[in-house]
Amino acid sequence: MTKLTNIGLHKEDSKQIADKLNELLANYHLYYQNLRGFHWNIKGANFFQLHAKFEELYNSALARIDAIAERILTIGQPPLHTFSHYLKVSTIKEASNLSSDNETVTTTHHNLTVILQLEREIMSLATETGDEGTVSLLSEDINEIEKTLWMLNAFLS
């Protein structure tokens, strides 16, 4: 039996990367759902600005969710696809009943920090194993998250 996937990566390495990508997928789903709640429930003087920003962020997160799941499939593994699995695997927790600008932006900042740290960990593993496709996927997202964190920091200061 071959030890390579259909795209030429080592199966053991791909399984390890897919497990971490599934963790990322779970975290992205909780991040996404939190953003939806913030978008719907934001109140206060910054309503218009944050209502639009949260929509922009959750649309971006939805695209990332799809890209991550497709990468997991590409490297030969099944993506998690139930909320019960996401809740078990995710470091990010559900945020409920948040409606102020400071608490929603602070929570968004925290959630993105969790995702960024996980992506850096996966990128290091993918680099070590020669998985350029995963490196490319994460590199693009890391740049966007860093920029968003800078903006959220500016808002909070």
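A short reminder: the numbers here are calculations on the coordinates, not readings from a lab. Keep in mind that what you see is a predicted model, and the values were worked out from it rather than measured. Cβ: placed from backbone, ideal geometry, glycine included. Neighbour counts: every protein chain shown.
Before moving on, here are some points about what is shown:
- Pick from region 1-37, criterion of a type in the set (Val, Ile, Thr) and farther than 17 Å from ASP141 by Cα, ranking: surrounded by the most Cβ atoms within 10 Å (Cβ to Cβ): THR5
- Among residues of region 48-69, those that are of a type outside the set (Val, Ile, Thr) and in contact (Cβ under 8 Å) with a residue 24 or more places away in the chain, counted: 10
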